[in-house]
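Data first, discussion second: the structure below is written as structure tokens.
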Amino acid sequence: MADILVKICGMTRPEDVLGCAEAGADLLGFIFAAKSPRCLTAAQAAALPRTTARRVGVFVEQSLDEVLRIMEEAELDFAQLHGDQDETFCRAIGPERVIRAFWPKKHPDTASLVAALEPFAGAIRYALLDAGTSGGGHGVSLDFASLAQFSPPMPWLLAGGLGPDNIAEALAQANPHGLDLNSGVESSPGLKDLAKVRRSLWSVKGRG
């Protein structure tokens with residue numbers, strides 16, 4: 001398998017942006033969901049430092065025009081969509097710029113989940129599998145073993161309650177193309193614990 005992508009979401013502070021990038025994160029997430037304790041405005045996200053890590057905006061309720069405006073203002077590389085945005089919405093942003101969330105718990109089995117992803121082939125860059133049945137940031141994990149045979153038509157990221165103590169298990173059992181970390185590497189919502197970040201990144205990037 002190619003190198004595992006690591007995204008760390010919920011950036012709110014300059015020191016966390018710099019620390020996570022220095023630790024080796026490939027993607028950094030900025031949340032624009034009003035209900036999230038990590039929610040930022042476009043101006044706040046724009047003011048955070050630029051690093052070698054690509055910048056991802058997390059959207060739930062915004063219109064297409066709002067997503068595009070925020071992406072431009074905050075200089076974002078990707079839009080991560082956590083609502084019911086369809087393939088047309090994704091294509092309008094640009095297939096190479098979209099990460100679209102899906103929720104395995106909404107589906108009776110893996111085949112049903114794959115069928116839900118198939119219409120998005122060619123419309124998104126990555127699928128993201130999250131815990132719960134909507135939104136994100138639940139802090140709980142999916143059943144890694146249940147995803148062992150998961151084979152969608154695009155690369156995918158695993159999210160939900162991931163941190164230094166369960167990343168190795170998640171990679172071994174679910175075999176994703178990437179991981180999305182948030183609450184599992186925090187001291188409190190929006191405040192990253194850089195020691196946990198470094199341990200997590202070492203579990204991924206330091207693997208044989």
> Taking amide hydrogens as modeled 1.01 Å from N in the peptide plane, which residues meet the under 5 Å criterion relative to Glu186, leaving out close sequence neighbours?
Replying inline: Asp193
>> Tell me the net charge near Leu5. Cut-off is 10 Å between Cβ atoms, Leu5 excluded, with +1 for each Lys or Arg and -1 for each Asp or Glu.
In response: -1
> Based on DSSP H runs of at least 4 residues, each adding -39500 (n - 2.57), what is the mean residue ellipticity at 222 nm of the chain after dividing by all its residues, to the nearest 500 deg cm²/dmol?
Replying inline: -8000 deg cm²/dmol
> Residue by residue, what Karplus-based ³J(HN,Hα) values in Hz, rounded to whole numbers, does region 49-54 have, using 6.51, -1.76 and 1.60 with θ = phi - 60° and x for Gly and Pro?
Replying inline: x, 8, 9, 6, 6, 6
> Which percent of the accessible area of the chain is formed by carbon and sulfur heavy atoms (probe 1.4 angstrom)?
Replying inline: 50 percent
>> Apply the Karplus curve 6.51 cos²θ - 1.76 cosθ + 1.60, θ = phi - 60°, to the phi angles in region 176-191 and return the couplings in whole Hz, x for Gly and Pro.
In response: x, 7, x, 10, 10, 9, 8, 5, x, 10, 10, 8, 7, x, x, 10
> Using the heavy atoms of the protein chains alone and a 1.4 angstrom probe, what is the accessible area of the chain per residue in square angstrom?
Replying inline: 43 Å²
> Using a cut-off of 20 Å between alpha-carbon atoms, which aspartates and glutamates can reach Lys196, once sequence neighbours fewer than 8 places away in the same chain are excluded?
Replying inline: Glu15, Asp16, Glu22, Asp26, Asp165, Glu169, Asp180, Glu186
>> Through the Karplus equation 6.51 cos²θ - 1.76 cosθ + 1.60, θ set to phi - 60°, convert the phi angles of region 104-120 into ³J(HN,Hα) values in whole Hz; use x for Gly and Pro.
In response: x, 5, 7, 10, x, 7, 5, 4, 5, 5, 4, 4, 5, 7, 4, x, 8
>> I want to verify a result. In a Gaussian network model of the chain, Cα cutoff 10 Å, which of these has the top mean-square fluctuation: Ala170, Ala45, Ala121?
In response: Ala121
> Does region 56-114 come out rounded, prolate or oblate by the C-alpha gyration tensor, with a ≥ b ≥ c the root eigenvalues, rounded set by a/c under 1.5 and, if not, prolate when a/b is larger than b/c and oblate if not?
Replying inline: prolate
>> If amide hydrogens are placed 1.01 Å from N in the peptide plane, which non-local residues have theirs closer than 5 Å to the one on Val6?
In response: Asp26, Leu27, Leu179
>> Viscosity 1.002 mPa s, temperature 20 °C: what is the translational diffusion coefficient of the chain from Stokes-Einstein with a Kirkwood Rh over Cα pairs, rounded to a whole number of µm²/s?
In response: 127 µm²/s
> DSSP beta bridges in the chain, what fraction antiparallel, as a percent rounded to 5?
Replying inline: 5 percent
> Using Cα pairs under 8 angstrom and six or more residues apart, how large is the relative contact order of the chain, in percent?
Replying inline: 21 percent
> With labels modelled as points extended 7 Å from the Cα through the Cβ direction, what inter-label distance (nm, one decimal) is found for Ala43 paired with Asp143?
Replying inline: 4.8 nm
>> Skipping prolines and chain starts, which residues have an amide H placed within reach, meaning under 5 Å, of the one on Ile31, given they are 5 or more residues away or on another chain?
In response: Gly10, Met11, Leu40, Val58
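The values are calculated or read from the model by the stated rules, or taken from the named source; none is laboratory data. Owing to the predicted nature of the structure, the values given are computational and were not obtained by experimental measurement. Every residue, glycine among them, receives a Cβ derived from its backbone with ideal geometry; neighbour counts consider all protein chains shown. These accessible areas exclude ligands, DNA and RNA; they are computed on the full protein's heavy atoms, side chains included. Shrake-Rupley method; radii C 1.70, N 1.55, O 1.52, S 1.80 Å.
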